[in-house]
Amino acid sequence: MKTNWLNLLIEVLLNGSPQNRYAMKNKIKQLAGKLNNFYVIFAGLFILWMAFFDGNNLYNQYEQHRRIRELRKERNFYKSSVEQLEKEIAELNRNPKMLEKLAREKYLMKKPNEDIYIVRE
């Protein structure tokens, strides 16, 4: 006699009383009947296709969201550095002594009658 996979599954799952076995057997048969529906099978295959095989699968979407987070952090960093530089430019435009200090220290500029000595520590 050929055993049905459903009966085998029921036997493995159920080791209780016959009443529980009968109730569980009916529930499993109902579930198997619903899973054999064409639309359920088609929807399951569609979800599998979209989740793993499509160009916009779950892994690609995760990578794209990670890249977006990185780019947003980078954008915030550059925005803050632009703001800092704009403040420095405004300060240099207001204060000629700061401009002269920057020119002398950073670019080693000098007046025509001066000599520059660089001391390294």
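The values are calculated or read from the model by the stated rules, or taken from the named source; none is laboratory data. Quantities reported herein were computed from a predicted structural model and do not represent experimental measurements. Glycine gets a Cβ as well: all are built from the backbone with ideal geometry, and neighbour counts include every protein chain shown.
Computed quantities for the displayed model
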quantity: The one condition in (1) among the aliphatic types (A, V, I, L, M); (2) surrounded by 10 or more Cβ atoms within 10 Å (Cβ to Cβ); (3) modelled with pLDDT of 75 or more that ILE10 fails to fulfil; calculated: (3)
quantity: Entirely in the stretch 16-121, the helices (runs of 4 or more DSSP H) that have 3 or more residues that are at pLDDT 95 or above and of a type in the set (S, T, N, Q); calculated: 58-94
quantity: Cβ-Cβ under 7 Å pairs, at least 6 apart or on other chains, the stretch 30-51 side closer than 28 Å to GLU63 by Cα and surrounded by 10 or more Cβ atoms within 10 Å (Cβ to Cβ), far side modelled with pLDDT of 75 or more and not β-branched (Val, Ile, Thr); calculated: ALA51/ASN57; ALA51/LEU58
quantity: Residue in the stretch 92-100 that is over 30 Å from ALA51 (Cα atoms), charged (D, E, K, R), surrounded by 10 or more Cβ atoms within 10 Å (Cβ to Cβ) and without any contact (Cβ under 8 Å) to a residue 40 or more places away in the chain present; calculated: yes
